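**Q** Following this message is one structure expressed as structure tokens.
The values are calculated or read from the model by the stated rules, or taken from the named source; none is laboratory data. Everything numeric in this text was worked out from a predicted model, so none of it was measured. Cβ placement follows ideal geometry from the backbone for every residue including glycine, while neighbour counts extend to all protein chains displayed. The area values use the complete protein model at the heavy-atom level, side chains included, leaving out ligands, DNA and RNA. Shrake-Rupley method; radii C 1.70, N 1.55, O 1.52, S 1.80 Å.
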2 protein chains.
Amino acid sequence: MGRLIVQKFGGTSVANAERLRNVARIITETYKAGNDVVAVLSAQGDTTDDLLEKAAEINPRASKREMDMLLSTGEQVSIALCAMAIEAMGFPVISLTGWQVGLKTNRNYGDARITRIDKDRITSELGQRRIVLVAGFQGINRFDDVTTLGRGGSDTSAVALAAVLHADLCQIYTDVDGVFTADPRIVKDATKLDEITYDEMLELATLGAQVLHNRSVEMAKKYQVNLEVLSSFSGNPGTKVKEVVKKMEKSHISGVAKDKNIARLALVGLADKPGTAFKIFSLLAREKINVDIILQSIGRDESKDISFTVARSDLERATEILERHHESLGFKRIEVNAKSAKVSIVGAGMVNSPGVAAKMFEALYDAGININMISTSEIKVSVLVDESDADRAVQVIHNRFFREFGQR
Amino acid sequence: MGRLIVQKFGGTSVANAERLRNVARIITETYKAGNDVVAVLSAQGDTTDDLLEKAAEINPRASKREMDMLLSTGEQVSIALCAMAIEAMGFPVISLTGWQVGLKTNRNYGDARITRIDKDRITSELGQRRIVLVAGFQGINRFDDVTTLGRGGSDTSAVALAAVLHADLCQIYTDVDGVFTADPRIVKDATKLDEITYDEMLELATLGAQVLHNRSVEMAKKYQVNLEVLSSFSGNPGTKVKEVVKKMEKSHISGVAKDKNIARLALVGLADKPGTAFKIFSLLAREKINVDIILQSIGRDESKDISFTVARSDLERATEILERHHESLGFKRIEVNAKSAKVSIVGAGMVNSPGVAAKMFEALYDAGININMISTSEIKVSVLVDESDADRAVQVIHNRFFREFGQR
């Protein structure tokens with residue numbers, strides 16, 4: 001029974017002629033099984049970096065519009081070459097750019113949001129039983145100018161196409177076997193999850209698991225797209241991402257994630273009057289600096305401390321903004337720790353299972369790892385630790401939840 | 001008084017960051033002088049060859065449609081980078097691809113012909129006083145698929161845009177100072193022509209002068225586009241190409257050209273009956289083999305010989321076709337000379353000046369160079385010589401017409 005399957009292949013999967021042939025093989029095998037196939041491709045390996053370098057040499061402050069014009073060529077090269085590989089195997093195929101598939105976006109060059117997809121062209125090509133290859137990461141705005149979708153853009157292209165085409169499945173091919181209980185490079189006995197919910201995946205994506213970009217997961221959840229994350233190299237079954245997964249027996253958590261791109265700021269000795277927190281965070285928001293974990297100390301001696309985390313790349317700017325408002329905010333000093341890391345456990349079962357957070361803290365305590373800040377949501381618990389402790393923290397937490405309960 | 005000027009820059013002119021900055025300087029100086037500027041760019045240096053190599057590695061018989069999808073990225077990279085260079089100089093600029101400027105072509109992938117240009121987008125950008133950069137060599141057909149224009153395609157893009165926009169001037173920037181009386185690499189005292197007619201340029205282009213592609217010259221003549229060929233490196237004034245040029249005083253010819261891509265075939269001992277020539281050349285035409293010079297010997301002993309020239313790359317195929325029809329054509333044998341060259345003199349004044357051809361033959365005779373075939377038109381005389389004699393033939397003919405009459 002033929003289905004419509006959208007497949008996405010990342011930069012490492014299409015990096016050279018041999019890998020493109022491998023991708024062509026995966027696509028044509030899906031097609032031979034009687035399915036309609038739409039495959040979304042990223043730029044080859046280091047192409048995007050090479051183009052960025054060329055641009056930097058000419059103009060380090062080039063406009064985003066021209067940058068999008070430049071970068072979008074990378075995906076176009078990939079789809080053309082992959083189409084040639086599929087032609088060589090004797091299958092009907094056509095490659096289409098962002099503008100050719102009518103992937104419309106807002107005008108936000110470099111980080112555009114998809115507003116609409118005119119599916120006529122794809123539907124017509126599929127109707128002629130052609131394999132359709134689509135350039136990921138790119139669209140056009142209402143001026144008919146090329147836009148790119150920002151980080152993880154090809155994932156988003158694939159999920160958006162799956163949504164609008166009502167695809168039966170959206171497979172995200174990458175260089176790992178799927179979503180793991182922890183990063184396999186850190187935790188040797190990390191195991192692949194067969195299934196995970198959108199919400200869990202979202203927390204993991206946001207927390208730096210780097211398997212799927214959170215925008216694509218949000219969109220998959222919104223349009224109930226059946227996602228699967230799998231390897232283009234191994235041929236193993238991957239991880240299915242969906243609304244509800246079968247009950248977990250042995251553990252209440254799905255995985256342990258780590259994000260090293262964290263810096264911590266503390267404003268010490270703030271006057272204990274209302275509105276201070278509001279002032280601080282609206283100043284930062286106005287400059288588009290995202291604040292993650294916030295901790296306010298209990299007031300004493302008429303003063304209080306407020307600590308919070310930002311992305312490491314925003315640290316300098318955040319400090320500078322706060323110093324500029326030193327007087328009106330009225331703090332004694334700013335303390336900065338650029339070398340923080342966030343370690344998190346994620347699990348949809350957590351909400352009904354008291355003691356999960358306590359077990360995490362205990363594992364860290366037993367390992368002598370100091371917790372600097374804590375943040376929780378319904379399906380996750382995050383702690384801030386020193387960057388040097390981060391890998392060990394992931395390991396001991398993973399041991400406590402997975403090894404001691406046995407493999408999931 | 002501001003004019004509209006279309007400028008075209010070839011692959012060597014945009015090969016790296018430094019040269020792109022040089023091109024940006026030429027464009028912005030034209031703009032600063034109060035002109036509207038539309039600049040058409042080719043792909044950087046070896047980009048096209050690199051892409052062809054990538055394609056060949058994957059599929060040596062890739063479809064032309066996917067090849068056009070691949071190759072058209074080269075010009076897109078050029079316009080984006082050049083726009084960035086112009087932005088860095090502080091001028092308003094926008095880059096546009098073939099589809100964005102509405103350059104419509106027929107469906108002949110790889111060698112498409114321009115059918116129409118929707119000039120709205122360019123006109124609107126020029127109306128906002130922006131410098132407009134256009135990707136050369138590319139368009140779209142009525143299926144909204146990318147097409148490329150074949151050899152010399154960027155010249156054709158530039159002339160077509162100049163025609164449809166009613167530009168005051170179309171400047172073709174290249175790596176030589178203009179059109180010369182002979183190839184300066186062969187003839188040391190070859191001089192640059194200040195002016196040349198479309199018809200002369202057309203003969204020179206066809207004859208292998210390699211300054212301008214003949215399609216672009218034909219189009220310039222048809223739409224009376226004022227052309228100028230000049231160097232992007234030297235800053236010297238170039239050669240103007242137009243309908244009528246001022247009377248030539250010292251010489252009746254404009255230049256001497258050479259084409260080494262020639263092979264000669266002779267069918268020896270054909271039965272002397274009507275229709276043989278027709279049969280031979282319709283067979284070749286059906287296989288899209290262009291025949292240039294044709295010579296038929298006077299019949300003797302009830303048989304005749306027919307010799308003709310083809311492009312060297314067509315020689316094998318032409319021979320094979322003729323052998324296949326050996327019986328019906330009824331010749332004794334085929335003689336082949338793959339190492340021929342065509343040397344030609346071109347000049348609009350020739351038609352009113354008897355003795356020009358004789359002077360050419362005399363120069364060759366004095367130099368001991370054998371003439372194998374002769375072909376003439378109103379404004380040119382071509383002779384076929386052995387390839388090894390070609391450069392010397394150009395030299396002695398040039399001496400006879402230019403040095404002995406003094407420089408033009």
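**Q** When each pair of different Cα atoms in the stretch A:11-56 is counted once in the 1/r mean, what is the Kirkwood radius in angstroms, to one decimal?
**A** 11.9
**Q** So what is the relative contact order for chain A, in percent, with contacts set as C-alpha pairs under 8 Å and at least six apart?
**A** Dividing the mean separation by the residue count of chain A yields 14 percent.
**Q** Turning to a different aspect of this structure: Starting from the Cα coordinates of chain B, work out the convex hull volume and express it per residue in Å³.
**A** Per-residue hull volume (Cα only) is 161 Å³.
**Q** Alpha carbons only, please: Rg and Dmax for the stretch A:19-123, in angstrom.
**A** Radius of gyration, then largest Cα-Cα span, for the stretch A:19-123: 15.9, 49 Å.
**Q** Okay, moving on. Rounded to whole Hz and in sequence order, give me ³J(HN,Hα) for the stretch B:157-165 from the Karplus expression 6.51 cos²θ - 1.76 cosθ + 1.60, θ = phi - 60°, writing x for Gly and Pro.
**A** Per-residue couplings from phi come out as 3, 5, 5, 5, 5, 4, 5, 6, 8 Hz.
**Q** In whole Hz and in residue order, list the ³J(HN,Hα) couplings for the stretch A:67-76 that follow from phi through the Karplus curve 6.51 cos²θ - 1.76 cosθ + 1.60, θ = phi - 60°; x for Gly and Pro.
**A** 4, 5, 4, 5, 5, 5, 5, x, 5, 5
**Q** I'd like the FRET efficiency for residue B:123 and residue B:288, computed as 1/(1 + (r/R0)^6) with the beta carbon distance as r and R0 of 35 Å, rounded to 0.05.
**A** 0.35
**Q** Take the Cα pairs of the stretch B:100-195, get the Kirkwood Rh, then feed it into Stokes-Einstein at 4 °C and 1.567 mPa s and tell me D in µm²/s.
**A** Estimated via Stokes-Einstein, D reaches 85 µm²/s.
**Q** Something else: Which of B:304/B:332; A:64/B:32; A:192/A:258; A:8/A:188; A:64/A:260; A:192/A:240 have a Cα-Cα distance over 19 Å?
**A** Over 19 Å apart, Cα to Cα: A:64/B:32; A:8/A:188; A:64/A:260.
**Q** Treating the stretch B:113-167 as a set of equal point scatterers at the Cα positions, no solvent, please give the Debye-formula log₁₀ I(q)/I(0) at q = 0.15, 0.17 Å⁻¹.
**A** For the stretch B:113-167, the Cα-only Debye profile gives -0.44, -0.57.
**Q** Shielding of B:84-97 by partners, i.e. mean partner chain Cβ atoms within 10 Å per residue?
**A** Whole-number average of other-chain Cβ neighbours for B:84-97 is 4.
**Q** Of all the Cα-Cα pairs you can form in the stretch A:109-259, what percent are over 19 Å apart?
**A** For the stretch A:109-259, the fraction of Cα-Cα distances above 19 Å is 56 percent.
**Q** Using the per-residue mean of other Cβ atoms lying within 10 Å as a proxy for protection, in what order, highest first, do the peptides A:156-165, B:384-393, B:284-293, B:131-140 fall?
**A** B:131-140, A:156-165, B:384-393, B:284-293
**Q** Then there is this: For the stretch A:314-408, count the residues as N, evaluate 2.2 N^0.38 Å, and divide the Cα radius of gyration by that value, please.
**A** Numbers: Rg = 17.1 Å, N = 95, 2.2 N^0.38 = 12.4 Å.
Scaled against compact globular proteins, the figure is 1.37.
**Q** How big is Rg to Rh over the stretch A:239-398, alpha-carbon atoms, Rh as the Kirkwood inverse-mean-distance radius?
**A** Expressed as Rg/Rh, it is 1.03.
**Q** For peptide B:13-21, compute the average count of partner chain beta-carbon atoms within 10 Å of each residue's beta-carbon.
**A** 2
**Q** Sticking with this one: Between copies, how close do the residue B:233 label points come, placed 7 Å along Cα→Cβ, listed in nm from shortest?
**A** 4.5
**Q** Plugging the Kirkwood radius over Cα pairs into Stokes-Einstein for the protein assembly as shown, at a temperature of 10 °C and a viscosity of 1.306 mPa s, what D comes out in µm²/s?
**A** Working: Rh = 31.3 Å.
In µm²/s, the coefficient rounds to 51.
**Q** A follow-up question, please. Using Cα pairs closer than 8 Å and at least 6 residues apart in sequence, work out the relative contact order for the stretch B:1-97, in percent.
**A** 32
**Q** In nm, what does the list of distances from residue B:273 to its counterparts in the other copies look like, shortest first, when each label sits 7 Å along Cα to Cβ?
**A** Distances to the matching label points in the other copies: 11.6 nm.
**Q** Shifting gears a bit: Name the chain B residue nearest the rotation axis between B and A, going by Cβ position, and give the distance in whole Å.
**A** Here the nearest residue and distance are B:73, 2.
**Q** When chain B is treated as a GNM, springs tying every alpha-carbon pair under 10 Å, which of B:202, B:265, B:329 comes out with the largest mean-square fluctuation?
**A** For chain B, modelled as a Gaussian network with Cα springs under 10 Å, the answer is B:329.
**Q** Mind listing the label-point distances from residue B:32 to the same position on all other copies, shortest first, one decimal in nm, points 7 Å along Cα→Cβ?
**A** In ascending order, 6.3 nm.
**Q** Each residue of the stretch B:117-134 in turn: what ³J(HN,Hα) in whole Hz from Karplus with 6.51, -1.76, 1.60 and θ = phi - 60°, glycine and Pro shown as x?
**A** Using θ = phi - 60°, the values come out as 10, 7, 8, 3, 4, 5, 4, 5, 5, 5, x, 8, 6, 9, 6, 10, 9, 10 Hz.
**Q** Let me ask something additional. Over the Cα atoms of the stretch A:257-349, what is the Rg over Rh ratio if Rh follows Kirkwood?
**A** Using Cα coordinates only, the ratio equals 1.00.
**Q** Within 10 Å of each Cβ in peptide A:47-59, how many partner chain Cβ atoms are there on average? Round it to a whole number, please.
**A** 4
**Q** For the stretch A:205-290, taking Cα atoms only, what is the radius of gyration to one decimal and the Dmax to the nearest whole Å?
**A** For the stretch A:205-290, the Cα radius of gyration and maximum Cα-Cα distance read 19.8, 60 Å.
**Q** Keeping all protein chains in place and using 1.4 angstrom, which order do A:398, A:325, B:166 fall into by accessible surface area, from largest down?
**A** Details: A:398 5, A:325 55, B:166 140 Å².
Heavy-atom accessible area, descending, gives B:166, A:325, A:398.
**Q** So what is the 222 nm mean residue ellipticity for chain A from helices alone, if each DSSP H run of at least 4 adds -39500 (n - 2.57) and you divide by all residues, rounding to the nearest 500 deg cm²/dmol?
**A** Working: 12 runs with 136 residues, N = 408.
So the helix-based figure for chain A works out to -10000 deg cm²/dmol.
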